[in-house]
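Read the figures in this text as sums done on the coordinates, not as results from a lab. From a predicted model like this one, the values you see are computed outputs, not experimental measurements. Every residue, glycine among them, receives a Cβ derived from its backbone with ideal geometry; neighbour counts consider all protein chains shown.
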Amino acid sequence: MTTADYGKDMLRKDALPKEQLNWSSALLDEAGIRVTRHRCTILCLLSQAEHPLSVRELCSRFGLDAHYVTVYRSVNQMNQAGLLHRVDFGGGIYRYELRSHSGTHQHHLMCSDCGGTVRLQERVVEQMLTRYPDRTRGFHVNDYTLVFYGVCPDCLKNRCHHVT
């Protein structure tokens, strides 16, 4: 089953596994957001995504049952409540991911050729901000996004094949 099929199946009544329904319902309830099947599905899709997703990508994983505006409003509400982190890779399209329970940010590598993204596991920035607060020059950092741009291995391979 593809991730897109998974999202469509989740919208069927009683399709969310009980543990995911409980987890997503608790997150929404704790944030003071009304629990709905669509919101639970959005959280579950984002929890399983390998990279941040745009509203359009979330809609395509939902299938025909989700309207863009409904998904946009839900994502925006969850972002404002602190459940999601909005990532700006440029190009005028925001992408969203679950905020880490530990409060750490996700860092990403983005391919400038295909637009693919990969999460980094390193926590160098958080360590720097914690160990060397003087380097922030008096700023209290509320939020940030760290994206490294480059070319992924597949695109590099394709570039090499086109050159020869």
Item to check | Long-range HN-HN contacts of LEU146 with modeled amide H, under 5 Å | outcome: HIS108
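How charged is the neighbourhood of ARG39? Take every other residue with its Cβ under 12 Å from the Cβ of ARG39, and add Lys/Arg as +1 and Asp/Glu as -1. Don't skip to the end; give the middle numbers.
Details: positive: ARG34, ARG37, ARG73; negative: ASP29.
Residues close to ARG39 contribute a combined charge of +2.
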Checklist entry - If Lys and Arg each add +1 and Asp and Glu each add -1, what is the summed charge of the other residues whose beta carbon sits under 14 Å from the beta carbon of VAL55? => result +3
